[in-house]
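Okay, structure first, notes after.
The values are calculated or read from the model by the stated rules, or taken from the named source; none is laboratory data. Everything numeric here is computed off the predicted structure, so don't read it as measured data. Backbone-built Cβ (ideal geometry, glycine too); neighbour counts: all protein chains shown.
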Amino acid sequence: MNTSTENEGKTLILTGASRGIGHATAKRFMSAGWRVITVSRMAFSENCPWIGGEENHVQLDLADLASVEAGIAALKSRLKDGKLHALVNNAGISPKLPGGKRMGSLETPFEDWQKVFNVNFFGPILLARGLKDELTAAGGAVVNVTSIAGGRVHPFAGAAYATSKAALAALTREMAADFGPLGVRVNAIAPGEIQTAILSPGTEKLVDQIPLRRLGRTEEVAATIYFLCSPQASYVTGSEIHINGGQHV
């Protein structure tokens, strides 16, 4: 079966697509024939050299919740058939102290807690609720990107980031229960140490603690996201899949 033909007409909305896991996810879905609408606080990046990228991009800063309603309206205007087959909430921020040091619960200013939760937690539910009708019309899927840091104190991820991701994991279960009767599946993926262009200093020291003894690749994460949005995962909802080489065991 020709996968591109099978997926013709399917649309993904993806936040945080300009680098890392998001970039790999956009390429994975496009290679399978999906149309990908990207969402970012920045204008379309030339680092994303895919066809139709600029016209399929919506600039939206999820840290500014007052702008989300207008952003959702812009996204809806791009869904000509009123259907959205997948929403991947990948955007996330993790502020650091000077010198790139971890920002713990004692050092994190309130405004940083608020900004992190706006992007990492409130953004995903506001987008999913705002696009509920379009997801329902397509029998679509939502994938929230959480983190290994949501289940343990991490040497690099800050307290606001970690707690926002833990909250997002709980939200995924709540969303699965609420969206399920609409025919919409909601799952999460929790990446561990993934090889990206920007790694925290010292990440290589964690490799010896990972059973597979290597960092993950962005395309491995993208492949799992794709699976969760595909018919092969048609009876999977409310799950959080760990993608960390066994680091959590």
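Looking at region 95-130, which of the residues that are among the basic types (K, R) and assigned to a loop (DSSP other than H, G, I, E, B) is nearest to R35 (Cα to Cα)?
The selected residue is K96.
I'd like the residue in region 23-45 that is hydrophobic (A, V, I, L, M, F, W, C), free of Cβ contacts under 8 Å to residues at least 60 places away in the same chain and not in a strand (DSSP E or B) and, out of all such residues, is nearest to A222 (Cα to Cα).
A26
For region 137-160, give me the residue count where each residue is under 14 Å from the mean Cα position of the chain (by Cα) and at pLDDT 95 or above.
6
Mind checking which residues of region 239-249 are touching a helix residue (DSSP H, G or I) at 6+ places or on another chain (Cβ under 7 Å) and in a loop (DSSP other than H, G, I, E, B)?
Hits for region 239-249 are N244, Q247, H248.
Given G183, G158, which one is small (G, A, S) and on the phi > 0 side of the Ramachandran plot?
Of G183, G158, the one residue that is small (G, A, S) and on the phi > 0 side of the Ramachandran plot is G183.
Could you tell me which residue of region 137-153 is nearest to L12 (Cα to Cα), considering only residues that are in contact (Cβ under 8 Å) with a residue 60 or more places away in the chain and surrounded by fewer than 18 Cβ atoms within 10 Å (Cβ to Cβ)?
So the residue we want is G151.
In this structure, is V236 of a type outside the set (S, T, Y), over 19 Å from A149 (Cα atoms) and part of a strand (DSSP E or B)?
no
For region 63-94, enumerate the residues that are part of a loop (DSSP other than H, G, I, E, B) and surrounded by 13 or more Cβ atoms within 10 Å (Cβ to Cβ).
Hits for region 63-94 are A63, D64, R78, L79, K83, L84, H85, N90, A91, G92, I93, S94.
Taking region 142-198 only, how many residues are farther than 25 Å from L131 by Cβ and acidic (D, E)?
Within region 142-198, residues that are farther than 25 Å from L131 by Cβ and acidic (D, E) number 1.
With the structure loaded, tell me whether E134 is modelled with pLDDT of 95 or more, of a type in the set (D, E) and surrounded by 18 or more Cβ atoms within 10 Å (Cβ to Cβ) or whether it fails that test.
Against the criterion (modelled with pLDDT of 95 or more, of a type in the set (D, E) and surrounded by 18 or more Cβ atoms within 10 Å (Cβ to Cβ)), E134 qualifies.
So which residues in region 163-193 are touching a Ser or Thr at 6+ places or on another chain (Cβ under 7 Å), part of a helix (DSSP H, G or I) and under 19 Å from R102 (Cα atoms)?
Selection gives K165 alone.
Taking region 190-218 as the region of interest, how many residues are surrounded by fewer than 16 Cβ atoms within 10 Å (Cβ to Cβ) and under 14 Å from the mean Cα position of the chain (by Cα)?
0
Could you tell me whether region 237-245 includes any residue that is β-branched (V, I, T) and either out of contact with any Lys or Arg (no Cβ under 8 Å at 6 or more places or on another chain) or modelled with pLDDT under 95 (or both)?
So far as region 237-245 goes, yes, one or more of its residues are β-branched (V, I, T) and either out of contact with any Lys or Arg (no Cβ under 8 Å at 6 or more places or on another chain) or modelled with pLDDT under 95 (or both).
Filter region 95-121 down to the residues that are touching a residue at least 60 places away in the same chain (Cβ under 8 Å) and surrounded by 13 or more Cβ atoms within 10 Å (Cβ to Cβ), then identify the one that is farthest from V145 (Cα to Cα).
Filtering region 95-121 for residues that are touching a residue at least 60 places away in the same chain (Cβ under 8 Å) and surrounded by 13 or more Cβ atoms within 10 Å (Cβ to Cβ), the one farthest from V145 (Cα to Cα) comes out as K96.
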